[in-house]
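S.K.: Next up is a structure, given as structure tokens.
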Amino acid sequence: MIPGSAAFELHGAGVVFSGRAALTEASLVVDPGEALALVGPSGAGKTTLLRLLNASQAPTSGSVCVDYERLDALSPEKLRAVRTRIGFVHQDLALIPNYRVLSNVIAGSLGRMGFVASVRTMLFPRRAAVERAAAILERVGIGEKLYQRTDSLSGGQRQRVALARALFQEPSALLLDEPVSSVDPARARDMVELVADISRERGITLVVSIHDIELARAYFPRLVGLRAGRVVFDGPTGSIAPRDLSALYSLEGLDRVEPARIP
């Protein structure tokens, strides 16, 4: 076990939205410090699974454990503490566009603060916080953007701001939802390599949903395939046959595995 890294477990977890199953009987164990990629077509349930892991979505059935504790057994205060330990980079990045990069990065610490302290931190950040934010931005390759408005940056630079914000939390795990869906292939590879390197450096657990199979195979030692809300394979990357990956994205037979509507 790597100190300071998170462990996750799903046991028969299901999620239903408006009578429709987004995830069905999903079981998954992620060991501390492990790195894995969630792969599968749009609508397969990857984002829902990530939301279960970061405790922003409760399962309709089954259970979710973080660091060997069932989330449904935790008080609201302890559940909030779990969320602050998990860095999450949303597909839409969830940045405040007219704020400076510094403010967006420092926002990563607000989950641990009350309202008054949060406002004070955003308006008058302490020198130590500014220096730490600057160091993280330097590590992700945009140190010179510290005081720029976030909406003046390119798509790839904004992705790095979102990553820096997650790292500012000092997380025990990083979860990323399609982090390279809006950039060109070269920048996508750079971003995935950066995330993989940082997770190894810090010894933190990494779970990334990604469409690009080649990037997933190149940078993640474990692949979990989802299709129509179900986990269809889970294993070491080298053990996943090309035919399994082709079947994952095939339209053929999709109607037979699509999650059923729940009464």
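The values are calculated or read from the model by the stated rules, or taken from the named source; none is laboratory data. Quantities reported herein were computed from a predicted structural model and do not represent experimental measurements. Cβ sites come from the backbone with ideal geometry, for glycine too, and all protein chains shown count toward neighbours.
S.K.: From the set of residues in segment 20-46 that are β-branched (V, I, T) and surrounded by 21 or more Cβ atoms within 10 Å (Cβ to Cβ), which is farthest from the chain's Cα centre (by Cα)?
M.R.: Initial filter on segment 20-46 (β-branched (V, I, T)): 24, 29-30, 39.
Right, trim to surrounded by 21 or more Cβ atoms within 10 Å (Cβ to Cβ) and you get 24, 30, 39.
On the way: T24: 20, V30: 13, V39: 13 Å.
Among them, the one singled out is T24.
S.K.: If you scan segment 140-192, which residues turn out to be assigned to a loop (DSSP other than H, G, I, E, B) and small (G, A, S)? Talk me through it step by step, then tell me what you get.
M.R.: Within segment 140-192, the subset assigned to a loop (DSSP other than H, G, I, E, B) is 140-142, 146-148, 153-154, 169-172, 178-184.
Across segment 140-192, the qualifying residues are G141, S154, S172, S181, S182.
Here's the yes/no breakdown for (1) over 13 Å from the mean Cα position of the chain (by Cα); (2) farther than 21 Å from I86 by Cβ:
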position	(1), (2)
G156	yes, yes
R160	yes, no
L163	no, no
S172	no, no
P179	no, no
R187	yes, yes
P221	yes, no
R230	yes, yes
D234	yes, no
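S.K.: Ok, one more. Do we find that F17 is among the hydrophobic types (A, V, I, L, M, F, W, C) and surrounded by 14 or more Cβ atoms within 10 Å (Cβ to Cβ) in this structure? Reasoning before the result, please.
M.R.: Numbers: among the hydrophobic types (A, V, I, L, M, F, W, C): yes; surrounded by 14 or more Cβ atoms within 10 Å (Cβ to Cβ): no.
Spelling it out, it is not the case that F17 is among the hydrophobic types (A, V, I, L, M, F, W, C) and surrounded by 14 or more Cβ atoms within 10 Å (Cβ to Cβ).
S.K.: Can you name every one of the helices (runs of 4 or more DSSP H) wholly within segment 66-124 that holds 3 or more residues which are at pLDDT 90 or above and farther than 16 Å from N54 by Cβ? If you could, list the steps in order and put the result at the bottom.
M.R.: Details: elements: 76-84, 101-106, 115-123.
Helices (runs of 4 or more DSSP H) meeting the threshold: 101-106.
S.K.: Sort out which residues of segment 217-229 are more than 15 Å from V29 (Cα to Cα) and of a type in the set (K, R), and write them in order of number.
M.R.: R217, R227
S.K.: Still on this structure, I have one more. Would you be able to say whether some residue in segment 157-171 is touching a Leu at 6+ places or on another chain (Cβ under 7 Å) and free of Cβ contacts under 8 Å to residues at least 12 places away in the same chain? Write out each step before concluding.
M.R.: Start the filter on segment 157-171 by keeping residues that are touching a Leu at 6+ places or on another chain (Cβ under 7 Å), which leaves 158-159, 161-162, 164, 166.
Adding the requirement that they be free of Cβ contacts under 8 Å to residues at least 12 places away in the same chain leaves none.
Looking for residues that are touching a Leu at 6+ places or on another chain (Cβ under 7 Å) and free of Cβ contacts under 8 Å to residues at least 12 places away in the same chain, one finds none in segment 157-171, hence no.
S.K.: For residues in segment 78-92 being surrounded by fewer than 20 Cβ atoms within 10 Å (Cβ to Cβ) and touching a residue at least 40 places away in the same chain (Cβ under 8 Å), which is nearest to L175 (Cα to Cα)?
M.R.: H90
S.K.: Okay, next question. Can you say whether S56 is in the same structural domain as R202 (by TED's automatic domain parsing), surrounded by fewer than 19 Cβ atoms within 10 Å (Cβ to Cβ) and assigned to a strand (DSSP E or B), as far as the supplied structure shows? Let's see the steps before the verdict.
M.R.: Values: in the same structural domain as R202 (by TED's automatic domain parsing): yes; surrounded by fewer than 19 Cβ atoms within 10 Å (Cβ to Cβ): yes; assigned to a strand (DSSP E or B): no.
Criteria not met by S56.
S.K.: Give just the number: which of (1) in contact (Cβ under 8 Å) with a residue 40 or more places away in the chain; (2) touching a helix residue (DSSP H, G or I) at 6+ places or on another chain (Cβ under 7 Å); (3) among the charged types (D, E, K, R) does R189 not satisfy?
M.R.: (1)
S.K.: So which pairs qualify, if the first residue must be in segment 128-140 and assigned by TED's automatic domain parsing to the domain that holds R165 and within 28 Å of R189 (Cβ to Cβ), the second must be surrounded by 17 or more Cβ atoms within 10 Å (Cβ to Cβ) and of a type outside the set (A, V, I, L, M, F, W, C), the Cβ gap must be under 7 Å, and the two must be at least 6 apart or on different chains?
M.R.: The qualifying pairs are L137/K145; V140/R160.
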